[in-house]
Amino acid sequence: MIWRFCSFILCLLLGGVGGWLYAEALGALVSVVFASVLWVGLDLVRGLRVLRWLRKGDVASTPKIGGLWDEVANRTRRLVRLRDQQTQEVQSRLDDFLEAIHESPNGVVLLDNQGHIEWCNQTAAAHFGFDVERDLMQHIGNLVRDPVFAAYYANPQQAHDVVMPGSQHSPSRPVRLSVHLHAYGTGRRLLLSRDVTAVEQADAMRRDFVANVSHEIRTPLTVLAGFVETLQNLPLDDDERHRYLTLMATQSHRMQSLVSDLLTLSRLEGSPLPGAHEWVRMPRLLAQCEADARALSVLLADPPHPLHFDMGPDCEVAGIHAELLSAMSNLLNNAIRYTPAGRPVSVRWQALPSGRYEFSVQDCGAGIASEHIPRLTERFYRVDRSRSRETGGTGLGLAIVKHVVQRHGGELRIQSTVGKGSTFAMELPANRVRLLGDTSPRVLQTDSRLQQRG
Ligand code: ADP
């Protein structure tokens, strides 16, 4: 500023001295006036250049002007750059924030005070069937027409969530959303949505399970209570008494089996996956299954079923002995229970061309219609309810088999033809099986992998 003032004074002095030398006092006066007009004119031109530069908005390069205007331009450029940087930082933080909300598993919709959609994330768009761009500023009531939501939206006092069908809901594939409206700012509302389909299904399954267990236990209990009352109140001869006690024993055995299967299932769900530290000898396991199956067949069938056992390769399986025995016995027991007396049942342990191993049980029973097959492993699902009960079935056997096979990394395959019979096969991965005496690197490598999974 001082330099600017000095340059102005210097300009006047030079003009004044020049004018004095040329025409004394009058010359000095005219020259001073001329010099000051010239100085102001030049200054104005520089100011105009700065103004033109600012209007162009090209802050990347500053015009070469000199003097105070140069500093004005430089400082303006630095200020603008600083603001740009700050704006970019804020923008990038906002982008990160929006990206995080976009990726959220919950839907988020911002509504203005009229109920128009100001913004929504991808999840909300999928939940309600919005188009993220096209539906902006549309009224929420025009897009979400479910009566449950309409009633909820119309009554802002409601503090609780409501559950409504999602946009992709269909009777065969239900989609249920939990929706919450939250007021904020001046009359704005935040609409949050959460997919609760799985939670609702789990709840329904739990309710069904409890109802099924109660029903399964209540039936034998009612029978038992009836017999107890009869024994208490009626004078019975020894034969009748013996008959009643036998029937009571059958019912208590039925309850015992049910509780035992329930405990097995709960153990399977709660225990860690089987690792590779325990190796089960297949010949011993198969011999145990065979002995149990022959005993059951003698008990249930006259004549007993001819049982064919193909013991296959002599090997060991990485897994839990009790679980494998339970799964294999369940398949064998079913074959015996659902096959008429005297008809053959074949059991086979074999290596498959894929390198996997398979334990299969083939019977010549009544077979199962194809529509039942996908549901057989559901708890308490029975095709032939009375046959299952008569032979002491709990409806949990195949659920246990499926769990065991999955825990050992395998799969359960069911093939059946009505009137001809069924084949139930447990397929186990190659890395869970080793031929006896085989300590090749392939098995040792998979050992550590199995241990990690376990
Ligand atoms: P359950 O204790 O009733 O046998 P499971 O879970 O073992 O229960 O089997 C479910 C249903 O599958 C059975 O009730 C039966 O209807 C059918 N099923 C199972 N194995 C066979 C089989 N080998 N032949 C025909 N039906 C079978």
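The values are calculated or read from the model by the stated rules, or taken from the named source; none is laboratory data. Every value quoted in this text rests on a predicted model; they were computed, and no experiment measured them. Every residue, glycine as well, gets a Cβ built from its backbone with ideal geometry; the counts of neighbours run over all protein chains shown.
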Across (1) over 30 Å from residue 220 (Cβ atoms); (2) outside any loop (DSSP other than H, G, I, E, B); (3) not hydrophobic (A, V, I, L, M, F, W, C), residue 386 clears everything bar (1)
Which members of the stretch 308-366 meet the condition of being among the charged types (D, E, K, R) and buried (at least 21 other Cβ atoms within 10 Å of the Cβ)?
-> 316, 323, 337, 363
Of the residues that make up the stretch 328-343, is at least one within 16 Å of the ligand (Cβ to nearest atom) and aromatic (Phe, Trp, Tyr)?
-> yes
Identify all residues within the stretch 285-314 that are of a type in the set (D, E, K, R) and more than 15 Å from residue 433 (Cβ to Cβ); write none if there are none.
-> 290, 292, 294, 302, 310
Inspect all residues belonging to the stretch 214-227 and state whether any of them is surrounded by fewer than 12 Cβ atoms within 10 Å (Cβ to Cβ) and under 28 Å from residue 327 (Cβ atoms).
-> yes
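What are the residues in the stretch 312-344 that are among the basic types (Lys, Arg) and modelled with pLDDT of 95 or more, if any? Show your work before the answer.
Taking the stretch 312-344 first, the residues among the basic types (Lys, Arg) are 337, 343.
343 - this is the single residue of the stretch 312-344 that is among the basic types (Lys, Arg) and modelled with pLDDT of 95 or more.
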Qualifying residues in the stretch 395-429 (those that are among the charged types (D, E, K, R) and within 23 Å of the chain's Cα centre (by Cα)) - the one surrounded by the fewest Cβ atoms within 10 Å (Cβ to Cβ) | 411
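Quick one: which strands (runs of 3 or more DSSP E) sit completely within the stretch 83-197 and have at least 1 residues that are at pLDDT 90 or above, of a type outside the set (Lys, Arg) and touching a Gly at 6+ places or on another chain (Cβ under 6 Å)?
Answer list for the stretch 83-197: 176-184, 188-195.
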Cβ pairs under 8 Å, 6+ apart or interchain, first in the stretch 328-346 and on the phi > 0 side of the Ramachandran plot, second away from the ligand (no atom under 11 Å from the Cβ) and of a type in the set (A, V, I, L, M, F, W, C), ordered by first then second residue, are 342/301
Looking only at the stretch 55-68, decide whether some residue is touching a Lys or Arg at 6+ places or on another chain (Cβ under 8 Å) and part of a helix (DSSP H, G or I).
-> yes
Applying the selection to the stretch 393-418, what residues are part of a helix (DSSP H, G or I), more than 10 Å from the ligand (Cβ to nearest atom) and of a type in the set (Val, Ile, Thr)?
-> 404, 405
Picking from 390, 378, the residue that is surrounded by fewer than 18 Cβ atoms within 10 Å (Cβ to Cβ), of a type outside the set (Phe, Trp, Tyr) and either within 37 Å of the chain's Cα centre (by Cα) or near the ligand (Cβ under 9 Å from one of its atoms) (or both) would be 378
